[in-house]
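Scroll down for the structure; my scribbles are underneath it.
The values are calculated or read from the model by the stated rules, or taken from the named source; none is laboratory data. Predicted, not measured: the structure shown is a model, and the values here were computed from it. Please note: Cβ atoms are built from the backbone with ideal geometry, for glycine as well, and neighbour counts cover all protein chains shown. Note: accessible area is taken over every heavy atom of the protein model, side chains too, but ligands, DNA and RNA are not part of it. Shrake-Rupley method; radii C 1.70, N 1.55, O 1.52, S 1.80 Å.
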Amino acid sequence: RSSDLDGKVGLFSGLMPRLCAGTIGTIVHSKVLQLQAGDHGEDTVNGHKETPSSLDQVIRETSREMAARSAATLITHPFHVITLRCMVQFIGRETKYSGLFDSIVTIYHEEGIMGFFAGLVPRLLGDIISLWLCNMLAYFINTYALDNGVSTMGEMKGYSQAVTGFFASILTYPFVLVSNLMAVNNCGLAGGLTPYAPIYSSWVDCWRQLSRESNLSRGNSLFFRKVPAGKTYIVDQKRFR
């Protein structure tokens, strides 16, 4: 549908801010990890690295990763907001967010600094919960469920990490959904206003309303889509009601 109306270029809406977010996020993540590695010199004793218990090591490494990811998310969230709005404006055939710098000026003039951080809290919570859930589940599975004597132990641990990551992403998907909805909520685009979407007073209000409608998992499947609960699709108007 997007390619039919906008051509192949329409498939790359929001690409520039997305690339900026990815590049800057990678740099910030790496720098924070390096700083933490330098600040934890106490991990070595007389020039030799300590060998803490496996659980202590997992907790320590997860805490460092959490700090690095959170810092990267905080710095790059404005680009994430711009990316989403560049894509959502397709719904109303708008051109309000036509470029990276124009988008920055538009958001600042209309919403101030806080506009760049719409939907940040649920996104951070989702990332943190997903990280801890994934790492702790992988630790307990690798420690207590897998036999260390198996020759393919390393490969099996790799699989367990992938499975727990997938499981954690499913459980924390509602945070992703709420964050994305709040990033475009009441921003002046048709896709963030009624009748396409309700106007939420906060991300908690958004969560509660989606929960009441049993829509917290909407859009979590790439291949199987359904009309959100409590909605009907008006074919001639091509919108939900």
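A few notes on this one:
- Peptides 76-82, 187-193, ordered by how many other C-beta atoms sit within 10 Å of their residues on average, highest first, read 76-82, 187-193.
- Solvent-accessible surface ranking, highest first, for Y144, Y196 at 1.4 angstrom: Y144, Y196
- Chain lengthening between N215 and L74 when straightened (0.36 nm per residue, less Cα-Cα): 48.1 nm
- Linear extension gain, Y159 paired with Y196, 0.36 nm per residue minus alpha-carbon span: 9.3 nm
- Between F101 and S63, the contour length at 0.36 nm per residue exceeds the alpha carbon distance by 10.2 nm.
- Between the range 9-34 and the range 164-185, the alpha-carbon centres lie 19 Å apart.
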